[in-house]
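Note sheet for the following structure.
Taken together, the values in this text are just the output of simple stated rules run on the coordinates, not laboratory data. These figures come from a predicted structure and were not determined experimentally. Glycine also receives a Cβ, built like all others from the backbone with ideal geometry; neighbour counts cover every protein chain displayed.
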Amino acid sequence: MFEKVLLRNAGVPGSERIDVYLSRGGYQALPQALARTPAELIDMVKRSGLRGRGGAGFPSGLKWGFMPTDPAITKYVCVNTDEGEPGTFKDRQLVEQDPHQVIEGVIITSYAVGAHRAFVYIRGEFFDGMKRWVKAIADAYERGYLGRDILGSGYGLDLSVHRGAGAYICGEETAMIESLEGKRGQPRKKPPFPAQAGLFGRPTLVHNVETLCNVPHIVQRGPEWYAGIGTPKSTGPKIFCVSGHVNRPGNYELPLGAPLREIIFEHAGGVRGGRAIKAVIPGGSSTPMLTPDQLDTPMDFESLAQAGSMLGTGAVIVIGEGTCMVDVTRRIARFFAHESCGYCAPCRVGTRRLAETLERVETGQGRPGDLDLLAGLCEGIQGRTFCPLGDAAAAPVRRSLELFRGEFEAHIRSAC
C-alpha cells in the first residue's frame, strides 16, 4: 500500500497547528536545506524529476535554474493558491489542513533561488484557507522559521498573504502577478518570462501549493527516493481530486502513473448506483474527456498526452451513464466564457459564441448548421489566443462533439 507523503497529516486533529506539524516531523528538512548551497538544492530538485503540479507539468528544477544567481538582484517567490479549475480542490485541503508543510517548502525554495521576499496569492473565496495562512505565517515567525535570521543560518525571508478577487485567469502566473501588483488580472506577453521580469519587474519564481509541498520531502529523503515513485518521466506522488458520479469523492494521493480505473473503483468507490461510466474528465474541466475503454490509462503526463488528453491538475470528474453530454459541455463552455478576461478577440468573442450556441442546442432551438459552427469556433480559438484559456475552453467542446455527436444531433431534432 502506498504511504502518503503530501497528505500524511490530513485528518490528524489540529494538523494546521505548528506544534502538531513539529510533532510529526515538520520543519526537519529546513535545517538540512540551509546547510546546503543553493546550487546543491537546485541540483537535488532536478535529479528528483519534480514537475509542476499546477497544470503545465514543467520541470521544477529547470525553472529554479532560470532564476539569476547574482545575490545583488532582488528576487521574489510567489505561491499560487488561486485554485480555480473546476473539479480541483487539492491545494485548498493542503492549505487548510497542513499550511506549515507549504511554508517549509516556500522557505527552502526561496533560499535555493536567493529570494528574501515571498508572497502568497490566495483565491478570495477561500476564507478558511486565508485564516489558516495568516495564523501559520505568524506562528512561523514566532518560532524563528521566518524572519531575518532563520535558525541562525544568516538567511532571512519575509512572507505575507494576499487575497485575489476570484478570477480563474489569475491561476496563470503572469495574470496572478498583475493582480498581486494591484492591477487587473490579465496575462502578460511572454517573453520576458517571470524568471527574468516578474513581480514589480523583478525575477520571480511562481509555484502552486502542491508543487511546493514536495520540496521538503525531496530534501529530507533524497532525490533518488523521490524519483523512485511514479514513472521515469513523471516522478513522485500526486494528489488526484475525484468528483462527479462516484461513491467517495475526495482527494487521493497515489504515485503518478496510477491507472485511472484504480483511482475510480478502488479509491473513489466506483460509480454511484452501479451505473456504467459514460466519460471521464481526467485533469480538470479544461482537459479533453476520455471514454470507458481508456480507463486503464496511467495517470501521468506522457500517457494522458498519448490518450489525447492531459493530466492538468489531476482533477478526475466521472460522468455516469444517463447524463446529458450536451448539458455537460454547455456548463463547461459557460464557465470559460464567464472567466475570459476579454484581452484577445478569439477568446473574448469565441468563448461567448460557443456558450450561446450550446445553450441554443441544449434548449431545443438548435439549427442544422450549429454543430459545424461549434467545430469552426473551436478551430478558430485553439492556438490563437493570448493565453491558454482559449484552448481550455475549446478542447473539451471539440472532444465532446467527436465522442457524442449523436446526442448533439438528437438535441437539434428535439429538446433534451
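For region 148-286, the C-alpha radius of gyration sits at 1.37 times the compact-globule guess of 2.2 N^0.38 Å, with N the residue count. Length gained on full extension, TYR343 to THR74, computed as 0.36 nm times the residue gap minus the Cα-Cα distance: 93.8 nm. For region 61-121, the convex hull spanned by the alpha carbon atoms encloses 94 Å³ per residue. Between PHE2 and HIS116, the contour length at 0.36 nm per residue exceeds the Cα-Cα span by 37.4 nm. Building the convex hull from the alpha-carbon atoms of region 363-416 and averaging its projection over directions returns 3.8 nm². Counting neighbouring Cβ atoms within 10 Å and putting the fewest first, the residues ASP91, ASP98, ASP327 line up as ASP327, ASP98, ASP91. For a Förster distance of 30 Å, can you work out the FRET efficiency between the beta-carbons of VAL134 and ALA56, rounded to the nearest 0.05? E between VAL134 and ALA56, to the nearest 0.05, is 0.55. Entry note, the chain: the mean residue ellipticity at 222 nm calculated from DSSP H runs of n ≥ 4, each adding -39500 (n - 2.57), is -12000 deg cm²/dmol after division by the residues and rounding to the nearest 500. Per the Debye formula on identical point scatterers at the alpha carbon atoms of region 1-145, with no solvent, log10 I(q)/I(0) at q = 0.10, 0.12, 0.17, 0.19 Å⁻¹ is -0.36, -0.53, -1.10, -1.36.
With 0.36 nm allotted per residue and the present C-alpha distance subtracted, the ALA39-LYS189 stretch has 51.0 nm of extension available.
By the equivalent-ellipsoid construction on the alpha carbon gyration tensor, the chain comes out with semi-axes of 38, 24, 18 Å, ordered largest to smallest.
Sorted by average packing, counted as other Cβ atoms within 10 angstrom per residue and highest first, what order do 407-415, 390-398, 104-112 take?
Going by the mean number of other Cβ atoms within 10 Å, highest first, we get 104-112, 390-398, 407-415.
Taking the empirical scaling 2.2 N^0.38 Å for compact globular proteins as reference, region 325-413 has a Cα radius of gyration ratio of 0.98. Residue ranges 277-285, 310-318 sort as 310-318, 277-285 when ordered by packing (mean number of other C-beta atoms within 10 Å per residue, highest first).
Taking a Cβ cut-off of under 15 Å around GLN32, the surrounding Lys, Arg, Asp and Glu residues balance to a net charge of -1, with basic ones at +1 and acidic ones at -1. Annotation for GLU359 and ARG413: the two label points, set 7 Å from Cα along the Cα-Cβ direction, are 2.7 nm apart.
Among the listed pairs LYS4/LYS233; LYS75/LYS189; LYS4/LYS46; LYS131/LYS233; LYS90/LYS135; LYS75/LYS190, which have their C-alpha atoms separated by more than 27 angstrom in this model? Pairs exceeding the cut-off: LYS131/LYS233. Inverting the pair-averaged 1/r between distinct Cα atoms of region 237-320 gives 12.1 Å as its Kirkwood hydrodynamic radius.
Close amide-amide hydrogen proximity is noted between VAL161 and VAL120, each under 5 Å apart and 5 or more residues distant or on a separate chain (H modeled in the peptide plane; Pro and chain starts excluded).
Considering just Cα atoms, how many Å³ per residue does the convex hull of region 225-275 enclose? List each step's numbers first, then the result.
Numbers: hull volume 3.3 nm³, N = 51.
Expressed per residue, the convex hull around the Cα atoms of region 225-275 is 64 Å³.
Using the Cβ of GLY342 as centre and a radius below 11 Å, the other residues enclosed give a net charge of +2, where K and R count +1 and D and E count -1. Of the chymotrypsin sites (Phe, Trp or Tyr not before Pro) found in region 1-110, those that fall in a DSSP loop while having at most 11 other beta-carbon atoms within 10 Å are PHE2.
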